[in-house]
Amino acid sequence: MKAMNNMKKFTLDEYRSMVEAELRTSFLPKGVGYDGLLSAMDYSLNAGGKRIRPILLLEFCRIAGGDVSKALPVACAVEMLHTYSLIHDDLPCMDNDDLRRGKPTNHVVYGECTAVLAGDALQAAAFSTILSADLPGDARADCAAILANAVGADGMCGGQFLDMLGEKKRLDLAALNEINKGKTVALISATCKMGVSAAGGSPELLDAAARFGEALGYAFQIRDDMLDVISTAELLGKPIGSDEAEEKSTYMTACGREECERLVHSLTDEAKAAVRASFEDHGFLCDLADSLVDRLN
């Protein structure tokens, strides 16, 4: 049975504006000794970005019959968690990047120690924000559990660890899928599930959301690997060619551009099929998935 929803529909820009308005007020200075830490957290959190993850959460909440306004803090929490991962990913001990979204990375502006703490604090704030949301207790607990499972050793952190182990090695498609299942896919899939959980949706809808997020997540990562080769620094907001310079295996090195393009289209079709089968109101998600196929940043 498909989920039906007659609540107000939102555009991509409306969702993005809602999220960014909420994020801008999240870590304002308090006149305390650690205002510098709050400034570092705010710097990366509000440095721009597509806000795809919180938008996915809000739309899944809406089409599962939930209240988007009450899910907004949960959506923002996902962006806090994602931003923490980017701050740490850019650190000298990790990818050692100096530019993110067209701006100097957090450790370049605030120093390495503050950047580490800013990431740590954003991670903690993400769970605090979820658990303080105006949702039923079981929905808050479910959302926090889904996120925790997606970003620990079994998810994002484990994927990042495997990515480091794979540096300067020639990895095949199966190995890359294992890395990116944790590093990228787990959080995107979890985000979609959290939207359904915030709405109190059924196990069937949770499963459909997870499958959509998993297929979309792989397509997103493959396109990211392509963009490191075919895009420009101006469009990406960070240097291109870094994967090749670091002798890093990617979907482009494993498959080539033509196969990567085929995989992105195939996975996008798979994601759309998942939501079409379980959600009556699937147009926004299908359009969003299509828009990511040929993105340039």
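The values are calculated or read from the model by the stated rules, or taken from the named source; none is laboratory data. Everything numeric here is computed off the predicted structure, so don't read it as measured data. A quick note on method: Cβ atoms are made from the backbone with ideal geometry, for glycine too, and the neighbour counts reach across all protein chains shown. SASA here: full protein model, heavy atoms, side chains in, ligands and nucleic acids out. Shrake-Rupley method; radii C 1.70, N 1.55, O 1.52, S 1.80 Å.
Residues to consider are A215, A210, A219, A186; find the one that is touching a Ser or Thr at 6+ places or on another chain (Cβ under 9 Å), free of Cβ contacts under 8 Å to residues at least 40 places away in the same chain and closer than 22 Å to D287 by Cα. Walk me through how you get there before you give the answer.
Details: A215 fails: free of Cβ contacts under 8 Å to residues at least 40 places away in the same chain; A219 fails: free of Cβ contacts under 8 Å to residues at least 40 places away in the same chain; A186 fails: touching a Ser or Thr at 6+ places or on another chain (Cβ under 9 Å).
Selected residue: A210, the only one of A215, A210, A219, A186 that is touching a Ser or Thr at 6+ places or on another chain (Cβ under 9 Å), free of Cβ contacts under 8 Å to residues at least 40 places away in the same chain and closer than 22 Å to D287 by Cα.
Of A133, A118, A175, A126, which residue is within 17 Å of the chain's Cα centre (by Cα) and open to solvent by less than 50 Å² (accessible area, probe 1.4 Å)?
A126
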Subject >> Hits in the range 198-215 (condition: open to solvent by 10 Å² or more (accessible area, probe 1.4 Å) and either hydroxyl-bearing (S, T, Y) or out of contact with any Phe, Trp or Tyr (no Cβ under 9 Å at 6 or more places or on another chain) (or both)) >> reply: G200, S202, P203, E204, L206, D207, A210, R211, E214
Subject >> Tabulated pairs, the range 33-46, first modelled with pLDDT of 95 or more, second of a type in the set (F, W, Y) and buried (at least 20 other Cβ atoms within 10 Å of the Cβ), C-beta under 6 angstrom, 6+ apart or interchain >> reply: L38/F27; A40/Y110; M41/F27; D42/F27
Original post:
Of all residues in the range 47-61, which are without any contact (Cβ under 8 Å) to a residue 60 or more places away in the chain and open to solvent by less than 20 Å² (accessible area, probe 1.4 Å)?
Top reply: A47, R51
Original post:
Has the range 1-18 got at least one residue that is touching an Asp or Glu at 6+ places or on another chain (Cβ under 8 Å), modelled with pLDDT of 95 or more, within 20 Å of A75 (Cβ to Cβ) and not in a loop (DSSP other than H, G, I, E, B)?
Top reply: yes
